[in-house]
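The values are calculated or read from the model by the stated rules, or taken from the named source; none is laboratory data. Just so you know, these numbers come straight off a predicted model, no measurement behind them. So basically every Cβ, Gly included, is an ideal-geometry build from the backbone, and we count neighbours across all protein chains shown. All accessible areas refer to the heavy atoms of the entire protein, side chains included, with ligands and DNA or RNA removed. Shrake-Rupley method; radii C 1.70, N 1.55, O 1.52, S 1.80 Å.
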Amino acid sequence: GGFITGTIRDSGSLAPVESIDVLVYDFENNVVAEGVSAGNGFYFAEGLPSGTYYVKTVSTDYLDVLYDNIPCDDFQCNPLTGTPVSVTVNTVTPNIDFDLAPSGSISGNITDGNGIPLDNVFIIVTDSNGDFVNGEDTDETGHYRVSGLDAGNYFVQTSSNYADEVFDNIPCEGNCDPTIGDSVAVTTSNETTGIDFQLLEGGKIT
């Protein structure tokens, strides 16, 4: 098959970035190949039939993009809006490069009313319009970290078997509007910490 190769760099320092996943999509939006950047930033994806493809990064601490450096860092992003990449069997398509900007993140701890950490609580981060941006589950210590966020203001909401809230301690069950909460500021390359929740066990109907 054909190859797609390139280099991934930090957009500020231009230093190579390793451990960035690269996904290759066909014209039906299916992932057909993938690669991962090495210590020198170089990646390759192989085994591709001749055709046209779209390439996207998937990372934790950088803002993801489509080739050719088109922002694509949320769940609404369509990979087919990227710049097409032509591939021919037995041939290398080189220089499909990416310069990634560092992202911000939000972190905190989730406990119950007795201060016991809660795992598997899904944390929802929405933008200023209340639209979903990213999310993450808490670990066994009750800690979470939602990364891949551009600079801006966000709202943070829980989704669990407890009485859910939006930060800061505002009840927010079901399809409530998360923008009723307090906004959380995020800056590039920094982690906004201390966005904690103490969730109470809700009442039951049987």
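Give me the 1.4 Å probe accessible area per residue for the range 111-171, excluding ligands and nucleic acids, in Å².
Ligands and nucleic acids excluded, the result is 47 Å² per residue.
Between Val31 and Asn190, what FRET efficiency comes out of the Förster formula 1/(1 + (r/R0)^6) with R0 = 30 Å and r the beta carbon distance, rounded to 0.05?
The computed FRET efficiency comes out at 0.45.
Each residue of the range 28-37 in order: what ³J(HN,Hα) in whole Hz does its phi give by Karplus 6.51 cos²θ - 1.76 cosθ + 1.60, θ = phi - 60°, with x for Gly and Pro?
9, 6, 9, 6, 10, 6, 8, x, 9, 6
Can you give the alpha-carbon Rg of the range 1-112 over 2.2 N^0.38 Å, where N counts its residues?
1.12
Sort out for me the Cα centre separation of the range 1-30 from the range 171-205, rounded to whole Å.
33 Å
Quick check for me: using +1 on Lys/Arg Cβ and -1 on Asp/Glu Cβ, what's the dipole size of the range 33-184 about its Cα centre, in debye to the nearest 20?
540 debye
Would you check the accessible area of Ser19, probe 1.4 Å, heavy atoms only, in square angstrom rounded to 10?
So the heavy atoms of Ser19 present about 80 Å² to solvent.
With a 1.4 Å probe and every protein chain left in place, work out the accessible area per residue of the range 1-50 in Å², rounded to a whole number.
Normalised by residue count, the accessible surface of the range 1-50 is 50 Å².
Hey, what D do you get for the chain in µm²/s if you plug the Kirkwood alpha-carbon radius into Stokes-Einstein at 37 °C and 0.692 mPa s?
Diffusion coefficient, whole number: 177 µm²/s.
I'd like the carbon and sulfur percentage of the solvent accessible area for the range 8-149, probe radius 1.4 Å, heavy atoms only, ligands and nucleic acids excluded.
48 percent
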